[in-house]
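What follows is a single structure, written as structure tokens, with notes after it.
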Number of protein chains: 2
Amino acid sequence: MITLTGGKLKLVEAALRLCTKSRSLTSLSLREVAREAGLNPNTFYRHFRNLDDFGLVVLGHLAGEMKQAVRELRQSAQTHDQAAHDTVRWVFGYFQENPAATTVAVRELNGPSSVLRRALENQLEASAREMAEDIIERDLVPGLDTATIHEISQMTIRYILFRALEYVEKPEQRERIQGETERFINRQFRGALVESTPLETLASGVPNESR
Amino acid sequence: MITLTGGKLKLVEAALRLCTKSRSLTSLSLREVAREAGLNPNTFYRHFRNLDDFGLVVLGHLAGEMKQAVRELRQSAQTHDQAAHDTVRWVFGYFQENPAATTVAVRELNGPSSVLRRALENQLEASAREMAEDIIERDLVPGLDTATIHEISQMTIRYILFRALEYVEKPEQRERIQGETERFINRQFRGALVESTPLETLASGVPNESR
DNA sequence: TTGAAAAGTATACACACGTCTACTTAAAGC
DNA sequence: GCTTTAAGTAGACGTGTGTATACTTTTCAA
């Protein structure tokens, strides 16, 4: 991660500030950002070639921050249930403390700039891979093949991000969102373990005897 | 649903056309839309008070279309697995045939305009409710309480929409996305049925192969 | 048939934008 | 200390924008 300084940093931070106030990174104007940063519009050109370039730098800045944060997470509990609970709690806590980063990420993931979208997708995939490897290494979900763990990890990352905006914006619903997300994860893994068991068998209360 | 005619319809359709080409509804300009529609910019004011008003009408238009489409879906197979498969296939087919509507919906769901976001959320919730009631009425997932069915329905609707853009934009990955979505749904419902069973018990049940 | 309402157009204004060129100030290397 | 380079500023350009006023055409019911 390249640490930003001076005017460059000022501009990036200004953009994040603007994004938090219900704007989308892609829709920011050069002059708007410069104004917010307290700089002359032309200073922008001293640091960035154009707005797409700028967007990538902003995303890179966020990615660096987030990666470091995720690395710190690499401890926590033993069982899967505990891990899911702690991780979800932790991730949402991170969202809460970094509303700008969260908002930007969610918006641009589906935003109109394909360059930014690609960049974000790659980051998410990397996070998902990290999560999956962690689960495998620590054998948190025994009996599940690695491919499925990877798939579910990716879905989970996506789902969490998808709910991040709601979480940030609606403080009174945070408990609910957190609970739903935990249940989501648990159901995914549990469901995968009994994927080939007929629904009726599961419904009749005998979870592991099948056929 | 109010059927649009004449210039009003032309403007809405123009906006959807523009949105498909990597634009976001919120970022459209009045003149841009009018130009695309082949009308004078001021004609816009004959039909809409401002751009927010316009956005709501566009969303309403889409909602009407979609609702009718969903109603047509209200038949399909008996078992849950079959229903999930058919429904997913059908919904994604709808996305494919209506890329503009899909793109707009996904973008604005996380977009910067809170007015549009609210409107979309309400629509999604309505769809989720409809889906849940359908599952309950036809007893597709026996042994699951209605609250959980509602919760999973909502998650499913969200998840599907979240993947819609990817589906529309990457034709070569459609099979994969569809498969993942089906597995997602199955795991959710199956997982919910064995929610209180310890992971180890499920893992030792051996309905599928492990390691 | 006529006349009012709706739909569409023409022109114009002030403003914000991205970008260009030219100038000034601050940092850094020798 | 001097010079080269980076960072920041000033002013100006053409263009696109939202919107206001005034005008023309179309629609359609009395």
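Points to keep in mind about this one:
- Alpha-carbon gyration tensor eigenvalues x 5, square-rooted, for the protein assembly as shown, Å: 38, 30, 16
- Around the amide H of A:Gly143, modelled in the peptide plane, lie the amide H atoms of B:Arg211, all under 5 Å away and 5 or more residues distant in sequence or on another chain.
- Estimated distance in nm for a label pair at B:Val115 and A:Lys170, the labels positioned 7 Å out from Cα along Cα-to-Cβ: 2.1 nm
- Modelled spin-label separation between B:Arg89 and B:Tyr45, with each label point placed 7 Å from Cα along the Cα-to-Cβ direction: 5.3 nm.
- Packing here is the average count of other Cβ atoms within 10 Å per residue, and on that basis the peptides B:59-66, B:42-49, highest first, run B:59-66, B:42-49.
- Degrees between helix A:146-169 axis and first principal axis of chain A (Cα, 0 to 90, nearest 10): 50 degrees
- Mean Cα-pair separation over length for the range B:52-193, i.e. relative contact order, pairs under 8 Å, 6 or more apart, %: 29 percent
- Along each principal axis, taking the top coordinate minus the bottom one, the Cα set of the range B:29-182 gives 58, 34, 26 Å in descending order.
- Inter-chain shielding of B:195-202 (mean C-beta neighbours from other protein chains, 10 Å cut-off): 6
- Among A:Pro41, A:Pro198, A:Pro99: highest mean-square fluctuation, GNM of chain A, C-alpha pairs under 10 Å: A:Pro198
- HN-Hα J in Hz across the range B:34-48 - Karplus 6.51, -1.76, 1.60, θ = phi - 60°, x for Gly and Pro: 4, 4, 4, 7, x, 10, 6, x, 6, 4, 3, 6, 5, 10, 10
- Projected label distance in nm at A:Gln82 and A:Glu65, using a 7 Å step from Cα toward the beta-carbon: 3.2 nm
- Per-residue packing, averaged as other Cβ atoms within 10 Å, sorts the ranges A:122-128, B:182-188 into the order B:182-188, A:122-128, beginning with the highest.
- Ascending list, in nanometres, of distances separating the A:Leu9 label from those of the other copies (7 Å, Cα toward Cβ): 5.8
- Nearest-first distances (nm) between copies at B:Asp139, label 7 Å from Cα via Cβ: 4.3
- Applied to the range B:56-69, the Karplus parametrisation 6.51 cos²θ - 1.76 cosθ + 1.60 on θ = phi - 60° returns per-residue 3J(HN,Hα) values of 4, 5, 4, 4, x, 4, 4, 4, x, 4, 5, 4, 4, 4 Hz, with x for Gly and Pro.
- Each copy carries a label point for B:Glu121 at 7 Å from Cα along the beta-carbon vector; from one copy to the others these points are 2.8 nm apart, nearest first.
- Among B:Leu199, B:Leu25, B:Leu11, residue whose mean-square fluctuation peaks in a GNM of chain B (springs only between Cα atoms under 10 Å): B:Leu199
- Partner chain coverage, peptide B:148-158 - average Cβ within 10 angstrom: 2
FYI, it's all coordinate maths here, none of it is from the lab. These numbers were taken from a predicted model, which means no experiment stands behind them. With ideal geometry, Cβ positions are generated from the backbone for all residues, glycine too; neighbour counts draw on all protein chains shown.
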